[in-house]
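The values are calculated or read from the model by the stated rules, or taken from the named source; none is laboratory data. All values derive from a computational prediction rather than experimental measurement. Cβ sites come from the backbone with ideal geometry, for glycine too, and all protein chains shown count toward neighbours.
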Amino acid sequence: MKTVVFIWFKVDTMAELTDLYLGPAQCGPDVAKVEEYKYGKGKVGLDVEIKLDDGDERIAKVCALLTQHGEHHSTRREDIYTEEELQNAPLLELGGGGDYDNVAHAGPHYGTTYDVTNACKQCGTGVRQTSGVIIRGEDERRIEKTRVAFTTHGGFLVHDVDGEKLVNAKFTGFNLWPIQSLQKNGTKVELRREQVLIENVMPPMAPSAILDRREVCPVCKKGRFNHLPFDPTRFVYRAEDLKNIQDFNLTWECFGSYAKSLEQALESYWPRPSILVTPRVMNFFRGKTKKEKKYEGVSFTPVWIEGQTPWG
Ligand SMILES: [Zn+2]
């Protein structure tokens, strides 16, 4: 695993880019990616992405030069894992991936029903789905582009053929629920997709997990965790937390949503758990060919084990 730092900014011309930034900071084409973009009336600017290993002294140089010239820029650190590390991870976070917006609107507004008996009154964490998911009809075609899709309310959706394969290959820790889409005329149409409903909830993560805890709900202490905006999130578990894992699992921590009451959460979003899967599930969903890879619609990030993580 290595951590890389991305720096993004825009300039007007190649001369400006070379003379003010890339030259003085000694950043060659191996670390700088430049693309043209059009704006206003036929004007062309340059979008710049610099990618450097964490700790490279050129990061501070480029940022200082950008600040000096009053150029707006943004940065982000990301963990990059090797294939071997992905395959040897005990669990991986399954996230939405790729360039496609493969998320369908769902939730109470479109008719899916929920039980709120045990939900937190402060943030809505713990709202439990009690019917098959119903998505917004307009989103049906869009989510067909990718092999897997998600809903705005934490649903993980697969094609029915994949659902059948998951059952036949004896993957553990999930049930399949039907999906309908709500058409503009009020009718519902059954889709050839299924929701993977996951039941096994992991213990809370180790305190060393790197998460954004600033908004955590003071009442349930379980809702409104977030991913960090500028640094890589790292899910860290103790070795004993991994004893009873299934192929599909949920984090105890629930992420996202800024709702300040259960009512508000039901009107918008409530905090949802992240999905953790074994490398076997990753291998099932990852595309084998270039085209399949483009449309896989999912990403995988290893969880860390406290004191044992092979990559240190
Ligand atoms: Zn709460």
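Exactly one of (1) at pLDDT 95 or above; (2) away from the ligand (no atom under 16 Å from the Cβ); (3) within 23 Å of Pro229 (Cβ to Cβ) is unmet by Ile134. Its number?
Unmet for Ile134, out of (1) at pLDDT 95 or above; (2) away from the ligand (no atom under 16 Å from the Cβ); (3) within 23 Å of Pro229 (Cβ to Cβ): (3).
If you go through the stretch 18-44 one residue at a time, how many are touching a Phe, Trp or Tyr at 6+ places or on another chain (Cβ under 9 Å) and either touching a residue at least 12 places away in the same chain (Cβ under 8 Å) or not in a strand (DSSP E or B) (or both)? Give the derivation first.
Keep residues of the stretch 18-44 that are touching a Phe, Trp or Tyr at 6+ places or on another chain (Cβ under 9 Å), which gives 21, 27, 32, 44.
Keeping just the survivors that are either touching a residue at least 12 places away in the same chain (Cβ under 8 Å) or not in a strand (DSSP E or B) (or both) gives 21, 27, 32.
Summing the residues that are touching a Phe, Trp or Tyr at 6+ places or on another chain (Cβ under 9 Å) and either touching a residue at least 12 places away in the same chain (Cβ under 8 Å) or not in a strand (DSSP E or B) (or both) in the stretch 18-44 gives 3.
Which residue is farthest from Ile210 (Cα to Cα), if the candidates are limited to the stretch 57-77 and must be within 29 Å of the chain's Cα centre (by Cα) and loosely packed, with under 15 Cβ neighbours inside 10 Å?
His72
For the subset of the stretch 91-131 comprising residues that are within 19 Å of Glu253 (Cβ to Cβ) and free of Cβ contacts under 8 Å to residues at least 60 places away in the same chain, which member is farthest from the ligand (Cβ to nearest atom)?
Checked the stretch 91-131; the qualifying residue farthest from the ligand (Cβ to nearest atom) is Arg128.
Can you work out which of the residues in the stretch 217-228 that are touching an Asp or Glu at 6+ places or on another chain (Cβ under 8 Å) and touching a residue at least 40 places away in the same chain (Cβ under 8 Å) is surrounded by the fewest Cβ atoms within 10 Å (Cβ to Cβ)?
Lys222
Within the stretch 141-152, is even one residue within 16 Å of the ligand (Cβ to nearest atom) and over 30 Å from Trp304 (Cα atoms)?
no
Name the single residue, out of those in the stretch 213-232 being touching a strand residue (DSSP E or B) at 6+ places or on another chain (Cβ under 6 Å) and more than 16 Å from the ligand (Cβ to nearest atom), that is nearest to Ala106 (Cα to Cα).
Leu228
Scanning the stretch 233-273 for residues that are among the basic types (Lys, Arg) and away from the ligand (no atom under 13 Å from the Cβ), which turns out surrounded by the fewest Cβ atoms within 10 Å (Cβ to Cβ)?
Among them, the one singled out is Lys243.
Anything in the stretch 278-299 that is surrounded by 12 or more Cβ atoms within 10 Å (Cβ to Cβ) and part of a loop (DSSP other than H, G, I, E, B)? List them, or say none.
Thr278, Arg286, Gly287, Tyr295, Glu296, Gly297
Tell me the residue from Ile143, Ile179 that is assigned by TED's automatic domain parsing to the domain that holds Thr251 and either more than 24 Å from the chain's Cα centre (by Cα) or modelled with pLDDT under 95 (or both), please. Steps first, answer last, please.
Working: Ile179 fails: either more than 24 Å from the chain's Cα centre (by Cα) or modelled with pLDDT under 95 (or both).
Just one listed residue meets the conditions, Ile143.
Does at least one position in the stretch 23-32 carry a residue that is within 26 Å of the chain's Cα centre (by Cα) and not assigned by TED's automatic domain parsing to the domain that holds Thr187?
Initial filter on the stretch 23-32 (within 26 Å of the chain's Cα centre (by Cα)): 31-32.
With the extra rule that they be not assigned by TED's automatic domain parsing to the domain that holds Thr187, the set shrinks to 31-32.
For the stretch 23-32, residues within 26 Å of the chain's Cα centre (by Cα) and not assigned by TED's automatic domain parsing to the domain that holds Thr187: present.
So, in the stretch 177-187, exactly how many residues are in a strand (DSSP E or B) and either acidic (Asp, Glu) or surrounded by fewer than 16 Cβ atoms within 10 Å (Cβ to Cβ) (or both)?
Count: 1.
When the stretch 155-188 is examined, which residues are found to be farther than 30 Å from Lys290 by Cβ and of a type outside the set (Ser, Thr, Tyr)?
Within the stretch 155-188, Gly173, Asn175, Trp177, Pro178, Gln180, Leu182, Gln183, Lys184, Asn185, Gly186, Lys188 meet the criteria.
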